Amino acid sequence: MKKKRISMILCVALLFSLVSLASMEKAFASEGAWVLKETLYGVGAEWQESPRGEHRYNVGNGNGVLIQESNRHEIEEHSPGITHNHPDRHMHVIYAWTTPPEVLQADQKVSIEVKQEVRANETGGLWINFHAIARRALSGGHFEIEGHPGKTSLRLGQYQSAKNDELWVQGSTSVTFSGTVWSALPEGTERILQVQTGPGRMGLSRVRYVYEWQESAAPEPTPTPAPEPAPTSEPTPSSTSDENNLIFDNNNIAGVLNGPSNPTQFTIQQPHQITKIETYHWNNQRGAPAGRIGLQHTDGTIYGPWTATARTGYMNTPNAYWFVEPNATIKAGTYTVIDSDPASWSHNSQSNNEGFARVWGNATDAPAPAPQPEPEPTPTPAPPATTGQAMEATNAGNRMEWPTVRGALGYRIFRSTDPSKLGESVTDFFIEELPFIDVNIQPNTDYHYTVKPVLREANPLQDIQEELGEAIATYTVRSSSNIISSTQQRSFIVLTIDKPHMIVNGVAEEIDPGRGTVPRITSGRTMVPIRAIVEAMGGTVGWDGNESKITLNARGNQVEMWLNRNDIRTNGSMSRMDVAPVSIGGRTFVPLRFSTDNLDARAEWINSTREVVIIY
């Protein structure tokens, strides 16, 4: 009898599959399209409507951790060696893929770009498959790796087999899997496009994109397809609706990722009057609050940036499209499109990983004038701003942004309750980063703000005074009635979901230098890497590995929490939280509100910008 050989092989499967939900497979001739109805996330046999986040599991006599996000799965496993031939194993990989299109034509070829980032590959094996799974005795088509006919599996690891459908790659790589989706079927029929990651043959983590056949969903063909069909409810100026005036367009209908890695550039051979510029921010169907768009010539000349207006995109995605209508004349040459929020800017491989943009304009023989910044607001106080505009009265304080000025070192904000006076600077130092939130105010009070750029920094040792430019923005706003009145000077920290920087009293700092750690939402709570926040408040963070305990000391308070436990102890008094602290990627994340409330601080959420403001 042969002795059974134990192989320490880690199997990780990434499976794109077309799963039939109904028993009919006969094509149904009709006009329509497959429309994305919902996205589901599964770990093991459990399914939910949002990503699971961190999930820990056992691997033999070792352990593993999965971090499940919308289109990114991170898997890390450790296990001790059991024989000389099978030493200690450490496998760590990240898989990310472009989101499938929201609308698919019958029998459409779909291409999904997949990135495999290998951080550890010490023995063991990882494998990725894209193929159809059978369900209710029905089967679907396989996805193949482009450029490798017949290869439906991407594998990583020491133990290579000789199967003809496997492509072995031992390090980080990017590939594209392609497959053909379903034919037309009766109205309301559902199908699934599934992504599956391991370990194990059946996979541990899955994402299901559920599509429904809709008779009226077929989009009308356009000369320049965009990622989402433009809404018909908003009229477009005639000067920009003529596609003959479109001088640049890198949009396409494939799935997109955030954060382009290449600059978006175009070239014109003669001066043009630019009538409209549009960028696209799908951002996993969340959109992004409109920021600023500009153009930069290769010689460094900057036109704009201009404050953008946002409009709704496909599937009612808020703020998916940003656009400006500058009517500015620019000289001939090569330009880079500047978008103020590259973290949410959409791109994919078909756009050469450049941010999606479209530019309209008309050629002109007139020489281009020197670029001018956006017109300065009139010196009279501006009317109270509304949510989403440059000034917003929130429960945290008065939040403001303004057009940046090229060459400015920073900005001074002056505050007054008398519209005829400039008032005092709200900070001793100048502001370097936006947004700024004035937290040292009283409730139900009209405040008048003036913003001036800092052109030269003061140096008392050399008798140099600070030099300010003319006012670039003025605002008038009534503070929220929910502001907590205080006679003490207060500070603020601003964190934005999915962004790796925080703003401490107007100065940008990286939350976790070099690691890109970002705040995230789990079970309706904002989870943050707590060390940077507590240290910014002048406190300390302690860690007890034996108890997996986090201790926060700040502002005369001590807060104790434990990983994966809902208990919290504040100055010796025990209570419970509805979300437990977790460890993600080697960093401890805790529920922000429970932490700050017990450190004599306050956290406020701004929906329009997905920002959390901590006041202390």
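The values are calculated or read from the model by the stated rules, or taken from the named source; none is laboratory data. Remember, predicted model here, so these are calculated numbers, not experimental data. Note that we place each Cβ from the backbone using ideal geometry, even for glycine, and neighbour counts take in every protein chain shown. When the accessible area is computed, the model is the full protein with side chains, heavy atoms only, and any ligands, DNA or RNA have been set aside. Shrake-Rupley method; radii C 1.70, N 1.55, O 1.52, S 1.80 Å.
A few remarks follow.
- Residue within region 341-358 that is crowded, with 17+ Cβ neighbours inside 10 Å, over 30 Å from Phe177 (Cβ atoms) and at pLDDT 85 or above present: no
- Residue ID - nearest to Ser178 (Cα to Cα), chosen from residues in region 132-167 that are at pLDDT 70 or above and β-branched (Val, Ile, Thr): Ile145
- Summed over region 582-616, residues that are closer than 17 Å to Trp543 by Cα and free of Cβ contacts under 8 Å to residues at least 40 places away in the same chain total 1.
- Tally, over region 312-340, of residues that are open to solvent by 20 Å² or more (accessible area, probe 1.4 Å) and within 28 Å of Asn71 (Cα to Cα): 9
- The test for being more than 27 Å from Pro435 (Cα to Cα), over 18 Å from the mean Cα position of the chain (by Cα) and assigned by the TED database to the domain that holds Ser595 does not hold for Thr540.
- Of the residues Thr309, Thr279, Thr298, the single one that is touching a Phe, Trp or Tyr at 6+ places or on another chain (Cβ under 7 Å) and surrounded by fewer than 18 Cβ atoms within 10 Å (Cβ to Cβ) is Thr309.
- Residues of region 54-73 that turn out to be among the polar types (S, T, N, Q) and in a strand (DSSP E or B), as a count: 3
- Test: residue in region 417-439 that is modelled with pLDDT of 80 or more, open to solvent by less than 30 Å² (accessible area, probe 1.4 Å) and among the charged types (D, E, K, R): yes
- Test for Pro235: is it within 27 Å of Ala106 (Cα to Cα), modelled with pLDDT under 75, not in a strand (DSSP E or B) and not assigned by the TED database to the domain that holds Val256: no
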